[in-house]
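The values are calculated or read from the model by the stated rules, or taken from the named source; none is laboratory data. Worth saying up front: this structure is predicted, and the values here are computed from it rather than measured. All Cβ positions, even for glycine, are placed from backbone atoms using ideal geometry, and neighbour counts span all protein chains on display. Ligands, DNA and RNA are stripped out before the accessible areas are found, and what is left, the full protein with its side chains, is counted by its heavy atoms. Shrake-Rupley method; radii C 1.70, N 1.55, O 1.52, S 1.80 Å.
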Amino acid sequence: MKKFTLALLAVTLASQLFSQTADEKKKIEALIKQMTLEEKVGQMTQVTLAVVAKGGWANQDGSLDPVALKKAIEDYHVGSILNVTTHAVDVDTWRSTITQIEDESKNTRLKIPVIYGLDGIHGQTYTLNSTLFPQNIGMAATRNPDLVAKAAKVTAAELRASGVRWNFAPVLDCGRQPLWSRFPETYGEDVYIGKTMGVAGVTAYEEDGLKTPTAVASCMKHYLGYSASRTGKDRTPVYMPEIEMREYYLPQFQAAVKAGSSTIMVNSAEINGVPVHASKYLLTDVLRGQLGFQGLIVTDWEDIKRLYDRHNVASSPREAVAMAINAGIDMSMVPGDLSFYDLLLEAVRNKEVPISRVDDAVRRILTLKMKVGLFDNPYPEDASRANFGKPEYQALALDAAHETMTLLKNNSNVLPLAKNMKVLVAGPSAQSLTALNGCWSYVWQGNQEQWYPKDSKTILQSITDKVGAANVVTTTAAGFDDPRNYDANALKKAAANVDAIILCLGENAYAESPGNTTDLALPDEQLQLAQAAAMTGKPVILVLTEGRPRFITSIEPSMKGILMAYWSGKKTAEAVADVLFGDYNPDGILPFSYQRSMGEMVLYDRKPTEDVREVFNDNVHTGYLPLYPFGWGLSYTTFEYGDIQLSSGTLSRDGSINVSINIKNTGQRDGKHTVELYTHDLFASITPNMQRLRAFKKIALKAGEEQTVSFTVTKDDLAFVNAELKTVTEKGEFEIMIGNKKAKITYTE
Ligand code: BGC
C-alpha cells in the first residue's frame, strides 16, 4: 500500500513537472506572439556592463547609470548583460546591481527579465573574496572528476549568491597547442580527460535544477577547434581536416551536450578559412543536426562585428549580422554598444534574415530564462546569499591544489625537505599571488594583486609559516617583476648559508591575446637565475608556477627536484609548501606532454610514423621524447603493478571485457595514485594512435596496502574516426596498457 502511494506520488510529481514544462512552453509561445520585432531583436542583444554603468568604460565600481540603463532595457529591449567594468566587486554590490537591472526590466511592456552572465572559470572570477580553484589544466592533473564537480558546485553557489545564473564555463577546448595563451584553461591534450572533466563540470553546475539557488546554466566553450591555432596566437586561423576535428575536438562538446549543458559559446577564430561565427555547417548542421543541441548559442566578444572588420568575410556590419544569425547564432555578445539591434532590425526588414530564424533564437533565449527561474523571481534569492564564502570552500580549494601538485623530478630523494633545514626562497613567483592564480582572477588578466583576498598567501609566506622565519632567507621582493627577483649575484651570496634553494619560476598571470608568446622557453633572465642557483652547489628545487609548459630543458639537468604547481588558485602556496616539506604526498600527473623544444612537439597519442622515425634507410625509436611524458608524476611512495587480468581475450560488438590489475603501495607512506588504462590498435584503416587514454581511476593506498582496480572495456574504448568520418571499431588485435603492463585482446566485430 505504502509502495503504491509512493509510486502514485512519483507519477503525479513527474506529470506535474511535465505539465509545468508544457505550461512554460505555452507561456513562451504566447510571449513570442505578443512581441514586436524590436522586442525580439533586443532579446538577442547582449551588452557589457560598461554600456549601462556610470561613466561607461571608465567606471571603476560597477555603479549603474539610470539613463543608460533605461535606454538599453526600455528603448532597446536588451535581453542580456555580462561582465564587470574593470575588476571584481563584492557580493552585495553584485546583488544590488542585478536588482537594479531587474527593476528596470519590470518597467518594460512585457516585463521580460534580463539574464546576466559572468565568467566563473576556476571559481567565480568577478566577485571579491570568491574561492579560486586550480585552473582546468591543474584540475586535469588531479585526474579527479569528483574534485572538478565539487569546485564547480562552489563556483555555481558563489555566482548565484552574486545574483548571477549563467556561467561562461566550462572551457572544452583541447589543449594540443602549448603555445596557445589559453592552454591553462584547457584540460590538456587528451580527449578522454576533456570529456570526463567537462561532463563533471556541466553536471555539477546544472544538476540541482536551474531554478535552485545553488545551480547555474553552464556554457560550453569555445565551439569549435579554437585551441588548435596554427601559430599558437589567440584568435588566429586553424586549419583542420574534419577527421581530426571529429577525433580530438568535437567529442568533448558532444559529451557535454549529452550531459545537458544549456548554452554554448562560439570560437572567435576561423577553421579552414571560415570564421566559426559564420559557419552554418558547424553551428546548425553539426551542432543542432548531429549533436542534437537544443540550447542557446551565444557569440564570443564582438565576434559578429569581427566578421566584417577583422575576418573580412562580410562587406558591411549588417551583412555580418545577417551572416551570423543565418548561420545559427541566437544571441550576440555585441557587447560595447547597441549597434547589433539596429543592424538586425534592418536585416530582417530587408528580408536578409527570415523572421522564423529570429523567433527560433528568441524561443531559445526565453526558454533559458524560464529554465533558470527568472520569470518566477529575477532577483538574487535570499537563500543564495549564505552560500557565499563558506569556510569549507577553503578546505576544498586546498584539497584541489594538493591534488594538482605534480612532482616531476626528485633526484636522490632530495624531497621532502626536513623542516629544520635552512632554505633560500628565490625567484619571481616567490612573493607573487598573480603568478599562482593566473588568468580570470578578480580581473580578466588576473594580474592585479590588490583585488586578491587579504588572507591569500605567497610561497614565501607559506614556507615561513611551516618551518619558521629562522630557517628561511630570501632575495625576493613582492611582485613578479621586481628587479630584485632576478638578481643572480644576490642569490649566490644568500645561498652561502643555506641547505637548499627553492627556486620559484614560471609565468605571471595573463589571459587571451595578451598572453601570446613568441617563445615557449622560460625567459632568459629566469634561466640565468636557475643557472646561478645551480652553480652554488646547493641542491636546487625548482617550483614552476605556470599556465603552460615553458621549456626548461637547458636547466633541468642541474635541478635536483622539480615541482609543477601550475596556477592552482587560492591555496597554491600552501600546497607547494606541504609537498616540499612532506606534509602532503604528491599525486598529480601531467595532462600534457612536457615538451623539450619547438622542434620536438610530439603528443602522447602520436601516430606510428611519429614514434618510429625514419633516418635514411633505418628506422629508429626516438619518436616520443618529451622532457616529461603525459601521465608523469612522482610520489613519495612507490606503487607496483601486478599483471593485467582479462575476463576474456576476445571482445564482440555487444560484449565487454573486465580488465583488472592489482596495485600495491610498496613504500613507506600512504598515497593516492591514478591508474590509467590505454589502448593501442595494432593495425587499422586510419593510421592508429600509439596509445589512447580510455579510462582512469584514482585510488588511495596506505603504505603496504594493495587493491584490485577494474575497468570495463567495450568496443567504444577501441574506436576511432575513419575516412568516412564515422566513429568505428575495426576488428583485429589491440593492446591494453596499464602502467608498465600490457595485454592483448582481439575484437571480433
Ligand atoms: C572570452 C570568453 C569570455 C568572454 C566574456 C571573451 O574574450 O573569449 O571566454 O567568456 O570574453 O568575458
>> I'd like the carbon and sulfur percentage of the solvent accessible area for the chain, probe radius 1.4 Å, heavy atoms only, ligands and nucleic acids excluded.
In response: 52
> Once label points are set 7 Å from the Cα along Cα→Cβ at both Lys664 and Arg613, what is their separation, rounded to one decimal in nm?
Replying inline: 3.9
>> If you average the C-alpha positions of the stretch 286-323 and of the stretch 658-694 separately, how far apart do those two centres end up, in angstrom?
In response: 41
> Once fully extended, how much extra length lies between Thr727 and Gln100, figured as 0.36 nm per residue of separation less the alpha-carbon to alpha-carbon distance?
Replying inline: 220.7 nm
> Roughly how many Å² is the accessible area per residue of the stretch 405-580, as a whole number, for a 1.4 Å probe?
Replying inline: 33
> Based on DSSP, what percent of beta bridges with both residues in the chain are antiparallel, to the nearest 5?
Replying inline: 55
> Taking a ≥ b ≥ c as the square roots of the eigenvalues of the Cα gyration tensor of the stretch 637-748, is the shape rounded (a/c under 1.5), prolate (a/b larger than b/c) or oblate?
Replying inline: prolate
> Per residue, how much accessible area does the stretch 297-349 have with a 1.4 Å probe, in Å²?
Replying inline: 33
> Remind me, relative contact order of the stretch 405-580 in percent, using alpha carbon pairs under 8 angstrom and six or more residues apart?
Replying inline: 35
>> If a paramagnetic tag sat 7 Å from the Cα of Thr622 along the Cα-Cβ line, which residues of the stretch 581-604 would have the backbone N under 20 Å from that point?
In response: 594-604
> Does anyone have the angle between helix 2-34 and the longest principal axis of the chain? Alpha-carbon axes, 0 to 90°, nearest 10?
Replying inline: 60
> Along the positive direction of the dipole of the stretch 299-402 (beta-carbon charges: Lys, Arg +1; Asp, Glu -1; about the Cα centre), which of Leu374, Met323, Ile304 reaches farthest?
Replying inline: Met323
> Which percent of the Cα-Cα distances in the stretch 119-160 go past 13 Å?
Replying inline: 45
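Using the alpha carbons of the stretch 13-385, what is the convex hull volume per residue in cubic angstrom, as a whole number?
129
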>> As an exercise, use a Förster radius of 41 Å and the Cβ-Cβ distance of Ser685 and Ala469 to find the FRET efficiency, rounded to the nearest 0.05.
In response: 0.05
> Can you give the charge dipole size of the stretch 637-748 about its Cα centre, rounded to the nearest 20 debye, using +1 on the beta carbon of Lys and Arg and -1 on the beta carbon of Asp and Glu?
Replying inline: 220
>> For Cα pairs less than 8 Å apart in space and 6+ apart in sequence, what is the mean separation divided by the residue count of the chain, i.e. the relative contact order in percent?
In response: 12
> Just for the Cα atoms in the stretch 405-580, what are the lengths along the principal axes, largest first, rounded to whole Å?
Replying inline: 41, 35, 28
> To the nearest Å, what is the center-to-center distance of the stretch 575-613 and the stretch 57-116, using C-alpha atoms only?
Replying inline: 45
> Measuring with a 1.4 Å probe in the full set of protein chains, what accessible area per residue, in whole Å², belongs to the stretch 631-749?
Replying inline: 48
> In nm, what is the difference between 0.36 nm times the number of residues separating Glu24 and Ser513 and their Cα-Cα distance?
Replying inline: 171.9 nm
> Quick one: helix 339-349 against the long Cα principal axis of the chain, what's the angle to the nearest 10°, folded into 0 to 90?
Replying inline: 50
> Mind listing P(r) for the stretch 590-704? All alpha-carbon pairs, 5 Å bins, whole percents.
Replying inline: 2, 9, 14, 17, 17, 16, 13, 8, 3, 1, 0
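With viscosity set to 1.002 mPa s at 20 °C, what whole-number translational diffusion coefficient in µm²/s follows for the chain from Stokes-Einstein and a Kirkwood radius over Cα pairs?
This corresponds to a translational diffusion coefficient of 79 µm²/s.
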>> How are the alpha carbon pair distances in the stretch 338-474 distributed across 10 Å bins from zero to the largest one, expressed in percent?
In response: 8, 20, 23, 17, 14, 11, 6, 1
> What percent does the relative contact order of the stretch 638-731 come to when contacts are Cα pairs within less than 8 Å and at least six residues apart?
Replying inline: 31
>> What do you get for the angle between helix 191-206 and the principal long axis of the chain? Use alpha-carbon atoms, 0 to 90 degrees, nearest ten.
In response: 50
